[in-house]
Amino acid sequence: MALDAPLRTLFDYRLPEGVDAGALSLGLRIEVPFGRRRMVGVLAGIAATSALPASKLRAATAVLDAEPALDPVTFGLVRWAADYYHHPVGEAFAAALPVALRAGRPLLARETRWQLVPSAEEAIAAAKRLGPRQRALLTALGAHDSLGAEELAALGAGAAAPLRDFAARGWVRSFEVAPPAAEAPTGAVAPGPALTAAQARAVEAILGTAPGFAPFLLYGVTGSGKTEVYLRAIEAVLAAGRQALVLVPEIALTPQAVARFRARFAVPLAVLHSALADGERLAMWRLARSGEAPLVIGTRSAVFVPLARPGIVIVDEEHDASYKQQEGFRYSARDLAVLRAQRHGIPVLLGSATPSLETLHQAASGRYRRLDLPERAGSAGAPSLALVDLRVHEERHGLATPAVLAMHRHLDAGGQVLLYLNRRGYAPSLYCAGCGWAAPCSACDARLTVHLKAHRLVCHHCGASAPVPYACPRCSTELKPLGQGTERIEDALDALFPGVPVVRIDRDTIRSRDEIEAALGRVHSGEARILVGTQMLTKGHDFPDVTLVVVLNADQGLFGTDFRASERLAQSIVQVAGRAGRASRPGEVLIQSACPGHPLLARLLEGGYEGFATAALAEREAAALPPFQRLAVLRAEAARREDGLDFLASARRAAGTPAGVRLLGPAPAVLERRAGRFRAQLLLESAGRGPLQALLAAWLPAVEALPEARRVRMAIDVDPLEVT
């Protein structure tokens with residue numbers, strides 16, 4: 001039995017009384033006693049014997065379903081992922097199921113209906129103390145064969161309250177039925193635009209492989225119409241009676257994606273993301289599993305949703321870091337999407353204007369087929385890119401003079417302007433010019449960020465918060481905010497462009513689906529003329545009237561400590577630059593930098609993302625880094641610095657000298673102290689997946705059994721996105 005517990009083991013139970021083992025299937029939910037409580041687990045195996053003595057083998061309480069919650073392919077995918085990422089299998093299954101199912105809710109949707117008991121008519125007629133609400137309910141029940149929740153709600157608030165009393169008297173009875181099938185949306189379906197030659201070739205290639213497994217990289221510049229290729233492929237899949245699974249990186253993109261798909265397909269949609277309430281998520285999950293929703297759109301965890309008739313998997317913005325879970329079950333939804341498609345025998349399409357270096361390497365090696373969309377769709381041309389040298393031009397509140405002049409020019413011409421700065425808050429530090437003090441986080445090796453409107457200092461690592469002090473605690477000198485964040489830029493724009501509406505989109509201003517939809521609505525309506533934001537603005541949004549993009553601080557990622565820092569910076573710059581000139585108007589992009597001669601910026605301006613990626617892959621190969629090397633990181637957190645390092649040192653000794661795997665460290669993390677705990681890591685690298693996986697499988701149980709393990713929180717991260 002796989003139970004939601006942080007243990008790398010399955011649990012043995014006897015069958016419930018009267019249940020035949022031959023009637024059981026893997027993937028069934030079974031209720032079992034666990035300690036002093038009952039838990040819902042997933043049947044992961046059936047055996048004739050157990051290593052436990054019969055006296056200690058407890059009986060399962062109940063088999064909850066007549067059929068497995070997960071189909072065989074999805075069940076196998078979860079088991080494989082738990083093994084590959086070396087995570088407790090019970091927690092992996094928990095991540096794959098909605099919370100409501102883990103709590104024991106029915107697998108299949110059922111509707112409760114109520115009807116009168118014919119033999120109770122005389123008792124009802126003889127009843128004397130019935131109020132108007134009770135008589136109205138009885139009259140309604142008598143006029144219909146049965147009433148469900150919708151009909152009862154139409155009777156008015158509280159109309160159904162007497163039902164349980166009537167049932168106790170024997171006047172009514174309840175029964176369950178399957179709810180009506182999901183209805184397709186009504187309204188006209190918008191036809192798609194004529195395909196460009198490159199789009200037509202891509203669609204033909206994808207459809208030419210169906211219904212077999214084929215992995216594709218759809219590499220299209222921003223504005224080239226990747227979404228239209230998705231839509232045409234999905235159209236063919238739906239016409240064949242199959243389902244399409246579309247993964248998007250973040251909740252913020254979900255409303256936009258849903259709107260596009262609803263405009264093209266008059267079919268029920270299942271939408272899955274973490275902002276849904278438990279009941280909503282279960283309802284959507286059921287629609288996907290039953291096949292009632294031919295089109296399923298979701299964020300990372302939707303890679304595990306069961307499908308009745310899978311036909312294609314699409315991963316939009318495949319390069320996005322959001323596809324890798326960073327806590328708990330550290331899986332890559334992008335990589336699992338490819339494996340899932342392979343096991344279903346269907347195509348998988350990875351789309352991006354800035355593909356990850358891993359995906360580009362797969363395409364270059366022939367494992368993925370590359371489909372290029374080199375030009376923007378329609379009349380839109382590529383935006384012009386230019387560097388603004390901050391060593392030469394005066395900068396005021398983060399905006400250089402050429403950028404301000406360009407903003408005036410584009411606003412006067414009726415365009416919108418987008419300013420990109422991947423740093424939220426007012427300023428990244430509160431600084432004393434008298435003694436050099438900078439407001440520190442008491443729990444992290446980091447400085448507190450100034451949030452002026454809230455009059456708070458906030459740690460963006462642990463969430464600690466404190467009021468903004470009026471003077472330096474050391475020398476009483478007046479404190480000043482140092483640097484710029486999106487909040488400070490917004491304030492500067494109010495002074496530089498009075499009366500021009502500004503919308504700011506970052507994690508401080510956008511906290512819900514309604515807020516992102518409202519903000520994007522202001523942009524698309526033209527009410528907001530200037531957009532300011534963080535990476536939330538770079539991810540797939542279409543702003544037809546944006547003609548100027550200004551990257552305010554391109555230097556943030558030039559000197560990062562992680563080996564992927566340059567890749568992330570290049571992707572962000574290219575993605576945000578792609579928001580300019582999406583319609584018929586020409587676009588302009590200005591990149592502010594104090595290091596205009598940096599090789600990364602030079603490659604981007606001269607060769608675009610393709611030029612950068614070619615050079616970056618050559619550097620990775622020379623340095624034996626992914627995708628030319630396999631990595632895993634064993635991380636440890638402890639209340640004392642030495643506890644984490646001692647544990648990792650013991651773990652390294654326990655590994656010995658494994659063939660084909662090199663261990664580096666232990667070493668403190670770059671941000672060593674976070675939320676009051678000290679962090680350290682041990683890096684494992686190998687030229688092949690096999691030796692690394694073999695070592696982890698044999699080594700991790702011994703690591704968890706180390707005496708030092710009791711003093712730390714440990715986690716293993718296979719194929720990590722960050723090694724810092």
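The values are calculated or read from the model by the stated rules, or taken from the named source; none is laboratory data. Every value quoted in this text rests on a predicted model; they were computed, and no experiment measured them. Every residue, glycine as well, gets a Cβ built from its backbone with ideal geometry; the counts of neighbours run over all protein chains shown.
Structure summary
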{"quantity": "Residue, surrounded by the most Cβ atoms within 10 Å (Cβ to Cβ), within segment 335-353, restricted to residues that are in a loop (DSSP other than H, G, I, E, B) and at pLDDT 95 or above", "calculated": "I346"}
{"quantity": "Single unsatisfied condition, G35 versus (1) at positive phi; (2) surrounded by fewer than 13 Cβ atoms within 10 Å (Cβ to Cβ); (3) in contact (Cβ under 8 Å) with a residue 12 or more places away in the chain; (4) not hydroxyl-bearing (S, T, Y)", "calculated": "(3)"}
{"quantity": "Residue within segment 548-558 that is of a type in the set (D, E) and touching a helix residue (DSSP H, G or I) at 6+ places or on another chain (Cβ under 8 Å) present", "calculated": "no"}
{"quantity": "Single residue of L390, L421, L457 found to be under 27 Å from the mean Cα position of the chain (by Cα) and either of a type outside the set (K, R) or surrounded by fewer than 21 Cβ atoms within 10 Å (Cβ to Cβ) (or both)", "calculated": "L421"}
{"quantity": "Selected residue [in contact with a helix residue (DSSP H, G or I) (Cβ under 9 Å, 6 or more places away or on another chain) and surrounded by fewer than 21 Cβ atoms within 10 Å (Cβ to Cβ)] from P249, P255", "calculated": "P255"}
{"quantity": "Selection within segment 213-243 - in contact with a strand residue (DSSP E or B) (Cβ under 7 Å, 6 or more places away or on another chain), of a type in the set (G, A, S) and closer than 24 Å to A321 by Cβ", "calculated": "G220, S224"}
{"quantity": "Residue tally, condition closer than 27 Å to Q535 by Cβ and either within 28 Å of the chain's Cα centre (by Cα) or in a loop (DSSP other than H, G, I, E, B) (or both), over segment 460-485", "calculated": "10"}
{"quantity": "Lone qualifier among L116, L97 - being surrounded by 16 or more Cβ atoms within 10 Å (Cβ to Cβ) and more than 25 Å from P306 (Cβ to Cβ)", "calculated": "L116"}
{"quantity": "Where E642 falls short, out of the listed (1) more than 27 Å from D320 (Cα to Cα); (2) outside any loop (DSSP other than H, G, I, E, B); (3) touching a Leu at 6+ places or on another chain (Cβ under 9 Å)", "calculated": "(3)"}
{"quantity": "Filter result for R488 (in a loop (DSSP other than H, G, I, E, B) and either over 21 Å from T547 (Cα atoms) or modelled with pLDDT of 90 or more (or both))", "calculated": "no"}
{"quantity": "Looking only at segment 667-724, and only at residues there that are part of a loop (DSSP other than H, G, I, E, B) and of a type in the set (D, E, K, R), the one that is surrounded by the most Cβ atoms within 10 Å (Cβ to Cβ)", "calculated": "D719"}
{"quantity": "All positions within segment 529-544 that are buried (at least 19 other Cβ atoms within 10 Å of the Cβ) and either farther than 18 Å from G414 by Cα or touching a Gly at 6+ places or on another chain (Cβ under 9 Å) (or both)", "calculated": "R529, G533, T534, Q535, M536, L537, T538, K539, G540, H541"}
{"quantity": "Sole exception among (1) buried (at least 17 other Cβ atoms within 10 Å of the Cβ); (2) at pLDDT 90 or above; (3) not in a strand (DSSP E or B) for P498, by number", "calculated": "(1)"}
